[in-house]
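Below is one structure, written out as structure tokens, with a few remarks after it.
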Amino acid sequence: SQQGEEDPQALSIQEGENATMNCSYKTSINNLQWYRQNSGRGLVHLILIRSNEREKHSGRLRVTLDTSKKSSSLLITASRAADTASYFCATDRGSGNTPLVFGKGTRLSVIA
Amino acid sequence: DGGITQSPKYLFRKEGQNVTLSCEQNLNHDAMYWYRQDPGQGLRLIYYSQIVNDFQKGDIAEGYSVSREKKESFPLTVTSAQKNPTAFYLCASSIVGINAEAFFGQGTRLTVV
């Protein structure tokens, strides 16, 4: 079962522009996490936002969470070619210590 | 260096064979996970374990088996019962907790020949 769904599926932007990716989920959550995956590699954790938080920043990353709409967004500001990767949102299953459920991801291409 | 190591990076399997993918971590994490990723898709949970000698089925456990005899190790066997095993397999580990971040290995790409 997939809890989160990212939108858009693919995004292509010029270097220096901002990139925004969205994630929607279905059930209540304790937290929502964003991960990055370079082609053919493992995932790397970017940021975690708890259900009682509305916004969180980490460097050039800004994450928002709207639990009433069951949605989150990831903003990457001043993008660089090195940001080219797939980005996944992941949620818990809402109860206890449960494994993460991942969406299908957004493929971001940053063109130099 | 602390981390999670998967081996091999590439694996080829003949039809009808069982193969075992290795996953080792030295992060002292209690929880370990196996995910499967198909091209252009997200990750789907195969099996997970939160303590030694115990594990649970995930969303797509059929055709797979695991063991957790040591805290550091969580090998995955892809059996001949798995009808479509060609995929990218990712192992992860974490502490056991509500707001736990997952640490991933670099993956094993399995191809049936």
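So that you can scan it fast, the table gives a plain yes or no per residue for (1) within 14 Å of chain B (Cβ to nearest Cβ); (2) more than 11 Å from the chain's Cα centre (by Cα):
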site: A:T20; (1), (2): no, no
site: A:H57; (1), (2): no, yes
site: A:R60; (1), (2): no, yes
site: A:S71; (1), (2): no, no
site: A:V101; (1), (2): yes, yes
site: A:T106; (1), (2): yes, no
Yes or no: A:S79 of a type in the set (S, T, N, Q), more than 16 Å from A:N30 (Cα to Cα), out of contact with any helix residue (DSSP H, G or I) (no Cβ under 9 Å at 6 or more places or on another chain) and crowded, with 20+ Cβ neighbours inside 10 Å?
-> yes
Please give the number of the condition B:S94 fails out of (1) among the hydroxyl-bearing types (S, T, Y); (2) within 10 Å of the chain's Cα centre (by Cα); (3) closer than 22 Å to A:K104 by Cα.
-> (2)
Subset of the range B:1-33 that is among the β-branched types (V, I, T) and out of contact with any Gly (no Cβ under 9 Å at 6 or more places or on another chain) - its residue that is surrounded by the most Cβ atoms within 10 Å (Cβ to Cβ) = B:V19
Look through B:A81, B:A61, B:A92 and report the one residue that is within 14 Å of another protein chain (Cβ to nearest Cβ), in a loop (DSSP other than H, G, I, E, B) and in contact with a strand residue (DSSP E or B) (Cβ under 9 Å, 6 or more places away or on another chain).
-> B:A61
Which ones in the range A:63-86 are in a strand (DSSP E or B), touching a residue at least 40 places away in the same chain (Cβ under 8 Å) and over 27 Å from B:Q50 (Cβ atoms)?
-> A:S71, A:S73, A:L74, A:L75, A:I76, A:A85, A:S86
Name the residues in the range B:47-57 that are more than 18 Å from B:G97 (Cβ to Cβ) and either outside any strand (DSSP E or B) or touching a residue at least 40 places away in the same chain (Cβ under 8 Å) (or both), would you?
-> B:N53
Pair list, Cβ under 6 Å, 6 or more apart: the range B:76-92 residue modelled with pLDDT under 90, other residue of a type in the set (D, E, K, R) and not in a strand (DSSP E or B) | none
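If I ask for residues that are part of a strand (DSSP E or B) and away from chain A (no Cβ under 13 Å), which ones from the range B:19-46 would you list?
Residues satisfying the conditions are B:V19, B:T20, B:L21, B:S22, B:E24.
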What do you reckon, is A:R107 outside any loop (DSSP other than H, G, I, E, B), under 28 Å from B:R109 (Cβ atoms) and without any contact (Cβ under 8 Å) to a residue 60 or more places away in the chain?
-> no
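The values are calculated or read from the model by the stated rules, or taken from the named source; none is laboratory data. Predicted, not measured: the structure shown is a model, and the values here were computed from it. For neighbour counting, all protein chains shown are included, and Cβ atoms are generated from backbone atoms with ideal geometry for every residue, glycine included.
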